[in-house]
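Asks: Structure below; questions to follow.
The values are calculated or read from the model by the stated rules, or taken from the named source; none is laboratory data. Note that this is a predicted model, so its numbers are computed, not measured. Positions of Cβ are generated from backbone atoms using ideal geometry, with glycine treated the same way; all protein chains shown enter the neighbour counts.
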Amino acid sequence: MLNEFKEFIARGNVMDLAVGVIIGAAFSKIVTSIVEDLVMPIVGALTGGGFDFSNYFLPLSANVTATSLAAARQQGAVFAYGNFITVLINFLILAWIIFLMIKAVNRMRASLEKQKQAAPAAPPPQDVLLLSEIRDLLKQRA
């Protein structure tokens, strides 16, 4: 069983997956920081406090008279749609930022590809040239 586990771990796709998860976690922190530390303060300044609908709810019981969601939940059943709206807006902003980042990376890759294609091919090594000459001489003699 231990040998099977070693074989499983040593497979390339398992290691690739592990690296992907680790890189994904690090990338997630970068994107979260961009959204929370750079984008949301600007959105908050433009909208006068940001997109925080977390206290929006509909009481489902006549006993609910509170104005905050936490207090309303203690009084009875509520339909708390506000937090969903906040999460949805944050998701859309996050998705847009990821789209822009991937678009920039794709542009950078395309420009690197063009540079590689524009660079002249290196001449073949000396031994390949000699072998080509020998081949050509042998063809002439035959």
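Asks: Can you name the residue in segment 2-29 that is among the aliphatic types (A, V, I, L, M) and modelled with pLDDT of 85 or more and, of all such residues, is farthest from ILE89 (Cα to Cα)?
Replies: Among them, the one singled out is LEU2.
Asks: Do we have PHE51 as of a type in the set (Phe, Trp, Tyr) and modelled with pLDDT of 90 or more here?
Replies: no
Asks: Same structure again: Suppose we keep only residues that are modelled with pLDDT of 90 or more and of a type in the set (A, V, I, L, M, F, W, C) within segment 106-129. Which one would you say is nearest to PHE57 (Cα to Cα)?
Replies: Once the filter is applied, the top-ranked residue is MET108.
Asks: Residue check: is ILE42 within 30 Å of ILE30 (Cβ to Cβ) and surrounded by 12 or more Cβ atoms within 10 Å (Cβ to Cβ)?
Replies: No: the conditions fail for ILE42.
Asks: Then there is this: Just to be sure I understand the filter: pairs with C-beta atoms under 7 Å, separated by 6 or more residues or on different chains, first member in segment 44-59 and more than 22 Å from GLY76 (Cα to Cα), second member modelled with pLDDT under 80 and not in a helix (DSSP H, G or I). Which pairs pass?
Replies: From residues that are more than 22 Å from GLY76 (Cα to Cα), the pairs are GLY44/GLY50.
Asks: Also, I was wondering about something else. Give just the number: which of (1) modelled with pLDDT under 85; (2) closer than 20 Å to LEU88 by Cα; (3) of a type outside the set (D, E, K, R) does SER33 not satisfy?
Replies: SER33 satisfies all of (1) modelled with pLDDT under 85; (2) closer than 20 Å to LEU88 by Cα; (3) of a type outside the set (D, E, K, R) except (1).
Asks: Looking only at segment 32-89, count every residue that is of a type in the set (A, V, I, L, M) and out of contact with any strand residue (DSSP E or B) (no Cβ under 9 Å at 6 or more places or on another chain) and tell me the total.
Replies: At the first step, the residues of segment 32-89 found to be of a type in the set (A, V, I, L, M) are 34-35, 38-40, 42-43, 45-46, 58, 60, 62, 64, 66, 69-72, 77-78, 80, 85, 87-89.
Among the residues that remain, those that are also out of contact with any strand residue (DSSP E or B) (no Cβ under 9 Å at 6 or more places or on another chain) are: 34-35, 38-40, 42-43, 45-46, 62, 70-71, 85, 87-89.
Total satisfying the criteria: 16.
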